[in-house]
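Participant: Sharing a structure, written as structure tokens. Questions coming.
The values are calculated or read from the model by the stated rules, or taken from the named source; none is laboratory data. As the structure is a computational prediction, the values presented were derived from the model and not from experiment. Positions of Cβ are backbone-derived with ideal geometry, glycine not excepted, and every protein chain shown enters the neighbour counts. Accessible surface areas use protein heavy atoms only, side chains included; no ligands, DNA or RNA. Shrake-Rupley method; radii C 1.70, N 1.55, O 1.52, S 1.80 Å.
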Amino acid sequence: MRIDIVTIFPEYLAPLDVSLIGKAAAAGILDIRVHELRTWTHDRHNTVDDSPCGGGPGMVMKPEPWWEALTGLVPPGTEAGTRLIVPTPSGRPFTQRVAEDLATASHLVFAPARYEGIDRRFVEAAAERMPVEELSIGDYVLAGGEVAVLVMVEAVGRLLPGVLGNAESAKDDSFGHASEGGMAGLLEGPVYTKPATWDGREVPPVLLSGNHAVIARWRRDEALRRTAAMRPDLIEGLDPDALDKKDRAR
Ligand SMILES: Nc1cc(-c2ccc3ccn(Cc4ccccc4)c3c2)n[nH]1
């Protein structure tokens, strides 16, 4: 997968060189390219913003540099397989299901804005050329879209084949689909490691029993317990077929 990110703060995307995503890029699974939006300005001050039409606070990002950037990165006629992602507080919620959908694309272009956002006409013009997703990573307000891009690139990247080692498969992710069995659809329960006793607190004995069937049942019970406590809304949404009869007996 090729990922292009256009931003006025390229250094904000430095974390993509680290760890999981950094290794995937080094392995060639991801081809991540970060671009400075001002590359596509031509005035002496490399202007990317202007005052809002109709008045109001702050500044709005001009459509021209974004359009030139998009056209430079995705020349007309080469849009097949490309999707434009625009982080915004007013977007569709970015969920695991959206991450799974985006993971099927061959090319993602991210347009993290600053100020009060980008002139609407850029999004409208882009939507005539390729699918545009305006996505929110949560109901809180950031100062710009770069952090949202880090979130989305990590959530999408870890789903790509070869990115997670076999040991950390994404198949049982909390927010995966319950219908796939396993823990998908539930929150993760508690995890433990050595020592068996720490701070006078013991690891639940079942985890030291070596009885894998009993351990699996215990872990599912704990995941159900935590989900019911922290996110009852997810219990509502569980596919009934994904709950076995012991679950229903709870
Ligand atoms: N989930 C989520 C996304 C954002 C986000 C994304 C991109 C931008 C670009 C500028 N801002 C600042 C802004 C604040 C308020 C109203 C409009 C713009 C952004 C915020 N905040 N929260």
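Participant: Can you pull out the residues in the stretch 147-170 that are within 16 Å of the ligand (Cβ to nearest atom) and not hydrophobic (A, V, I, L, M, F, W, C)?
Facilitator: Result: Glu154, single match.
Participant: Could I ask something else about it? In the list Asp247, Asp239, Asp221, Asp233, which residue meets the criterion of being among the acidic types (Asp, Glu) and touching a His at 6+ places or on another chain (Cβ under 9 Å)?
Facilitator: After ruling out the rest, the residue left standing is Asp239.
Participant: I need the full set of residues from the stretch 62-77 which are within 16 Å of the ligand (Cβ to nearest atom) and open to solvent by 10 Å² or more (accessible area, probe 1.4 Å), in order please.
Facilitator: Lys62, Pro63
Participant: Let me ask you something else. Looking at the stretch 137-158 only, could you name the residues that are in a loop (DSSP other than H, G, I, E, B) and surrounded by 20 or more Cβ atoms within 10 Å (Cβ to Cβ)? Don't jump to the end; show me each part of the working.
Facilitator: So in the stretch 137-158, the residues in a loop (DSSP other than H, G, I, E, B) come out as 137-145, 158.
Result: Ile137, Gly145.
Participant: Name the residue, out of Ala103, Ala80, Ala113, that is at negative phi, open to solvent by 20 Å² or more (accessible area, probe 1.4 Å) and more than 13 Å from the chain's Cα centre (by Cα). Steps first, answer last, please.
Facilitator: Working: Ala103 fails: more than 13 Å from the chain's Cα centre (by Cα); Ala113 fails: open to solvent by 20 Å² or more (accessible area, probe 1.4 Å).
After ruling out the rest, the residue left standing is Ala80.
Participant: Related question: In this structure, is Gly144 among the small types (Gly, Ala, Ser), within 11 Å of the ligand (Cβ to nearest atom) and free of Cβ contacts under 8 Å to residues at least 60 places away in the same chain? Walk me through it before giving the result.
Facilitator: Working: among the small types (Gly, Ala, Ser): yes; within 11 Å of the ligand (Cβ to nearest atom): yes; free of Cβ contacts under 8 Å to residues at least 60 places away in the same chain: no.
Here the answer is no, as Gly144 does not meet what is asked.
Participant: Which count do you get for residues in the stretch 92-120 that are within 12 Å of the ligand (Cβ to nearest atom), of a type outside the set (A, V, I, L, M, F, W, C) and either at pLDDT below 95 or part of a loop (DSSP other than H, G, I, E, B) (or both)?
Facilitator: Residues in the stretch 92-120 being within 12 Å of the ligand (Cβ to nearest atom), of a type outside the set (A, V, I, L, M, F, W, C) and either at pLDDT below 95 or part of a loop (DSSP other than H, G, I, E, B) (or both): 5 in total.
Participant: Quick test for you: out of Gly162, Gly185, pick the one residue that is in a loop (DSSP other than H, G, I, E, B), open to solvent by 50 Å² or more (accessible area, probe 1.4 Å) and within 30 Å of Phe110 (Cα to Cα). Write out each step before concluding.
Facilitator: Values: Gly185 fails: open to solvent by 50 Å² or more (accessible area, probe 1.4 Å).
Within the list Gly162, Gly185, the selection yields Gly162.
Participant: Being farther than 26 Å from Asp17 by Cα, part of a helix (DSSP H, G or I) and open to solvent by 60 Å² or more (accessible area, probe 1.4 Å) is the requirement here; does Val191 meet it?
Facilitator: no
Participant: Let me ask something additional. Given the condition more than 22 Å from the chain's Cα centre (by Cα) and either under 14 Å from Ile3 (Cα atoms) or within 16 Å of the ligand (Cβ to nearest atom) (or both), answer yes or no: does some residue in the stretch 122-138 qualify?
Facilitator: yes
Participant: One residue is enough: does the stretch 165-178 have a residue meeting the conditions within 23 Å of Pro87 (Cα to Cα), touching a helix residue (DSSP H, G or I) at 6+ places or on another chain (Cβ under 9 Å) and open to solvent by 30 Å² or more (accessible area, probe 1.4 Å)?
Facilitator: yes
Participant: For the stretch 78-91, what are the residues that are within 12 Å of the ligand (Cβ to nearest atom), hydrophobic (A, V, I, L, M, F, W, C) and without any contact (Cβ under 8 Å) to a residue 60 or more places away in the chain?
Facilitator: Val86
Participant: Considering the stretch 10-35 alone, what residues qualify as being surrounded by 15 or more Cβ atoms within 10 Å (Cβ to Cβ) and outside any helix (DSSP H, G or I)?
Facilitator: Within the stretch 10-35, Ile29, Leu30, Ile32, Val34, His35 meet the criteria.
Participant: Now for a separate question. Is it the case that Arg225 is open to solvent by 80 Å² or more (accessible area, probe 1.4 Å) and touching a residue at least 12 places away in the same chain (Cβ under 8 Å)?
Facilitator: So Arg225 passes the test.
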